[in-house]
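J.: Just dropping this structure here.
A short reminder: the numbers here are calculations on the coordinates, not readings from a lab. The structure displayed is predicted, hence computed values, not measured ones. Note that each Cβ is placed from the backbone with ideal geometry, even for glycine, and that neighbours are counted across all protein chains shown.
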């Protein structure tokens, strides 16, 4: 699976958009980009995933660059409850290897 | 629709003992994956079960073993506990479809402390 690089930490003001970047320069054509978040001591929560096109759901938007080497997760109006560690994961399609490989993630602190 | 549940929530064991952790998958899901998360680190893949068969394993010793039952619930067993086994154990279920679209949904985890 391709490796990902994320900033260690970020701050965001409550009510503003939080833009979390992720680099995955070695991503291959059949690998998806997944985002999860983990609020302190809870299980990771699925946010969104995509292959090539930008995606949006009720939680967030995912913007993937045309060359697919990087992506940005956007939380449009961050709240204090969005404070968490955010993981960007690139996932193979190989049927024998469906594990998620977590890196260190980005610790997002939403400030009041 | 019921999400992924895990039991117990917390557990304290002593070194050398054995432990069994349980996971009930989300309705309609036939695949269960187990992860170990040490303090301050990201989750690490232990193994995955698909339709009662092991379907992939991470870099964990054989004393970590598992089972999946016909109702797709699962158990993680750890023998000869070591201090380093202290961690949050996470279970995730998915529908097992092909194409990478089988999103994994996590339970709340079991916090294991080995003394």
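J.: Once you average over the residues of B:46-53, how many Cβ atoms of partner chains fall within 10 Å of each Cβ?
T.: Taking the mean over all residues of the peptide, I get 1.
J.: Is there a simple number for the mean count of other chain Cβ atoms within 10 Å of the Cβ of residues in B:29-37, and what is it?
T.: Details: counts 0, 0, 1, 0, 3, 1, 5, 0, 5.
Mean shielding by partner chains, rounded to a whole number: 2.
J.: Further, regarding this structure: Any chance you could run the full-extension gain for residue A:77 through residue A:51? It's 0.36 nm times the residue separation minus the Cα-Cα distance, nm to one decimal.
T.: The span from residue A:77 to residue A:51 would gain 6.9 nm if fully extended.
J.: Let me know the mean shielding of A:37-44 by other chains, meaning the per-residue number of their Cβ atoms within 10 Å of its Cβ.
T.: Per-residue shielding by partner chains comes out at 6.
J.: Determine the shape class of the protein assembly as shown: with a ≥ b ≥ c the square roots of the Cα gyration tensor eigenvalues, call it rounded for a/c under 1.5, and otherwise prolate if a/b is greater than b/c, oblate otherwise.
T.: Prolate is the answer for the protein assembly as shown, as a/c is 1.5 or above and a/b outweighs b/c.
J.: Continuing with this model, one more query. Among A:71, A:28, A:41, whose mean-square fluctuation peaks in a Gaussian network model of chain A (Cα, cutoff 10 Å)?
T.: Largest GNM mean-square fluctuation: A:41.
J.: What nm distance separates the two modelled labels at residue A:67 and residue B:54, each placed 7 Å from Cα along Cα→Cβ?
T.: Here the answer is 4.2 nm between the modelled labels.
J.: Calculate the translational D of chain A in whole µm² s⁻¹ from Stokes-Einstein, where the hydrodynamic radius comes from the Kirkwood formula applied to all Cα pairs, the temperature is 4 °C and the viscosity 1.567 mPa s.
T.: The Stokes-Einstein estimate is 92 µm²/s.
J.: Also, quick follow-up: How large is Rg/Rh for the range B:9-84, to two decimals, with Cα atoms and a Kirkwood Rh?
T.: For the range B:9-84, the value is 0.97.
J.: Just to be sure I understand: with springs between alpha-carbon atoms less than 10 Å apart, which residue in A:88, A:12, A:22 has the highest mean-square fluctuation in the Gaussian network model of chain A?
T.: A:12
J.: Over 5 Å intervals from 0, what percent of Cα-Cα pairs in the range A:14-58 sits in each interval?
T.: 5, 15, 22, 25, 20, 9, 3, 1
J.: Using Cα-Cα distances under 8 Å and only pairs 6 or more residues apart, what relative contact order does chain B have, in percent?
T.: Working: 297 pairs, mean separation 41.7, N = 115.
This gives 36 percent for chain B.
J.: So how far apart, in nm, are the two label points at residue A:58 and residue A:14 if each is 7 Å from Cα heading toward Cβ?
T.: 2.3 nm
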